Amino acid sequence: MPRLLRRRALSLMTAVVTAAGPATVPSTASADVPTLVVVQDLLQRTTIPVTSAHDKESPASWLDETLLSGTKDGVTARSYLRFDMSYLPEGVIRSATLRLTGLDAPACGPEVGEGVEVRRVTEPWSDDFLHWGNKPASTGEGAQIATKGVTQQCAVHPDKVEWPVTDIVNAWAAGAENHGLVLQSPDESTDDGLWTFSSWINPLDVVPVLTVTMDVPSAPYTRASSIATHEDGPGTWVAGLTPRIQSQVADPAGGSLTAEFEVEHDPAAPGQGGGQIWTATSAPVSSFGRPSVVVPSGLLEDGWRIRWRVRAHNLTAGTVSAWSAWNPGTVAADVPQITARQVVPSYESEYSTVSMGLTPELRATVTHPLLDSTRVVFQMAYDPDAPLQGTGLIWEKTVLDVPSGGQAVVTLPDGLVEGGLQVRWRVGAYGGPFQSGWSDWQKLTLDM
């Protein structure tokens, strides 16, 4: 397993209402700001078991698929876990629960022996070189014990074991250094057996999870309002009379969000009119969604100078962001078109175009209103409806200087594909003002 893989910090999120806020230290929310409940699952950044048999000549390994706690036959085991708190939004922590998947224990039942204690680690440690002689210290403040034992004799195996660790997570939120958690026996002098749990690289894919429930103040915002445009020196040209405007809306508190868009005449061109031309609100999306709206026909005219802006509404919390800055542009009525896509030779089946041979021609007609010629790009990829045949891009070919209104033609290379392969293909045109964007994917079955 690549060393880099274990360095990733992952975050899975579940609702009541979910959110992925900025990397900040949680703080108390203002009483006059609406809050939503956020339930966020933090996956561990590192896990490693260490036993009294590990020394500097033979340190513990983060590659172990299990975590151990307890004492058996004179060997004592502890396990260390680290979670990345930077994925939590600002807010007030209601509760936090550590969930591990139990694989084995001295016995099966709700109360087995002294159980396993979870403690807050108070010193730094490295999973590159950890052994019994340099194991970090921990504190009993906020420590919790779970006595549930899971064995193969249990009705459910494997099964979850939980510890309420709200006080520990609140200590981190209040400024205590986050050196992670340790699993250990409440009394390591008692030789009452070992508890075994799944680590973060266990092939069963039942990794440790720290679930944090918070009250998060709503603070909606927008990112990167966009419209199909072409930059020409100091000027920006807006593509077409019915452009689509898009933005990203987000809120650390999650919830259902919409984007409100506004288009108006540019005050820098008073002779064309003044004030608002059109406004619209998108359909609801989740946080970090990308809502869009299309300006209806009949509202814009070729050559008009306009400007547009956006703001975010959180429908769940009843909050709204400030407006974004204005974005100006000049309307251009004509945009390039891709038409008459063909596969030659081929025939149509019920579900797909079928080529007659493995080296057919792909053809498309490209018309550009402002240029004599364009650059045309063909792409072919595996069909996602047939994932067992492969995934991703198979082949790409560029045709230069295709006359506006002319046909671009490419031929699949001999030996590129095998008979019966299900693929899809598309075309894009580039050059001068306005890229065409990619055409829709078209399915193709390559037949011998």
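The values are calculated or read from the model by the stated rules, or taken from the named source; none is laboratory data. Computed from a prediction, not measured in an experiment: that's the story for all the values here. In this analysis, Cβ positions are derived from the backbone assuming ideal geometry, glycine residues included, and neighbour counts consider all displayed protein chains. Note: accessible area is taken over every heavy atom of the protein model, side chains too, but ligands, DNA and RNA are not part of it. Shrake-Rupley method; radii C 1.70, N 1.55, O 1.52, S 1.80 Å.
Taking a ≥ b ≥ c as the square roots of the eigenvalues of the Cα gyration tensor of the chain, is the shape rounded (a/c under 1.5), prolate (a/b larger than b/c) or oblate? In terms of gyration-tensor shape, oblate. Along the axis of the charge dipole computed for the range 354-429 (Cβ charges of +1 for Lys and Arg, -1 for Asp and Glu, origin at the Cα centre), the listed residues Gly357, Ala429, Gly390 are led at the positive end by Ala429. Using a cutoff of 8 angstrom between alpha carbon atoms and counting only pairs six or more residues apart, the relative contact order for the chain works out to 14 percent.
Our estimate of slack between Glu348 and Thr242, defined as 0.36 nm per intervening residue step minus the Cα-Cα distance, is 34.8 nm.
Taking all protein chains as shown and a probe of 1.4 angstrom, Ser256 keeps an accessible surface of around 40 Å².
Solvent-accessible area of Val216, all protein chains in place: 0 Å² (probe radius 1.4 Å, heavy atoms, ligands and nucleic acids excluded). Length gained on full extension, Thr122 to Glu57: 20.9 nm, using 0.36 nm per residue less the C-alpha separation. Farthest toward the positive end of the dipole of the chain, out of His54, Val409, Asn178, is the Cα of Val409, where the dipole comes from beta carbon charges about the Cα centre. Helical content alone sets the calculated 222 nm signal of the chain at -500 deg cm²/dmol, taking -39,500 (n - 2.57) per DSSP H segment of four or more residues and averaging over every residue. Treat every Asp and Glu Cβ in the chain as -1 and every Lys and Arg Cβ as +1, leave all other atoms uncharged, and give the resulting dipole magnitude about the Cα centre to the nearest 20 debye. The calculated dipole for the chain is roughly 760 debye. Averaging the Cα positions of each part gives two centres, and for the range 146-172 and the range 316-362 these lie 50 Å apart. For the range 340-397, the solvent-accessible area works out to 54 Å² per residue, with a probe of 1.4 Å and every protein chain left in place. Where nothing but the Cβ of Lys and Arg (+1) and of Asp and Glu (-1) is charged, how large is the charge dipole of the range 115-212 around its Cα centre, in debye to the nearest 20? The calculated dipole for the range 115-212 is roughly 200 debye. Shown for the range 51-144: the carbon plus sulfur share of the solvent-accessible area, taken with all protein chains present and a 1.4 angstrom probe, equals 44%.
Between the range 262-291 and the range 86-116, how many Å separate their Cα centres? What the calculation gives is 50 Å, centre to centre.
Going Cα to Cα from Lys160, which lysines come in below 20 Å? Please leave out same-chain ones fewer than 8 positions away. Correct list for Lys160: Lys148. Rolling a 1.4 Å probe over the protein heavy atoms gives the range 61-195 an accessible area of 43 Å² per residue.
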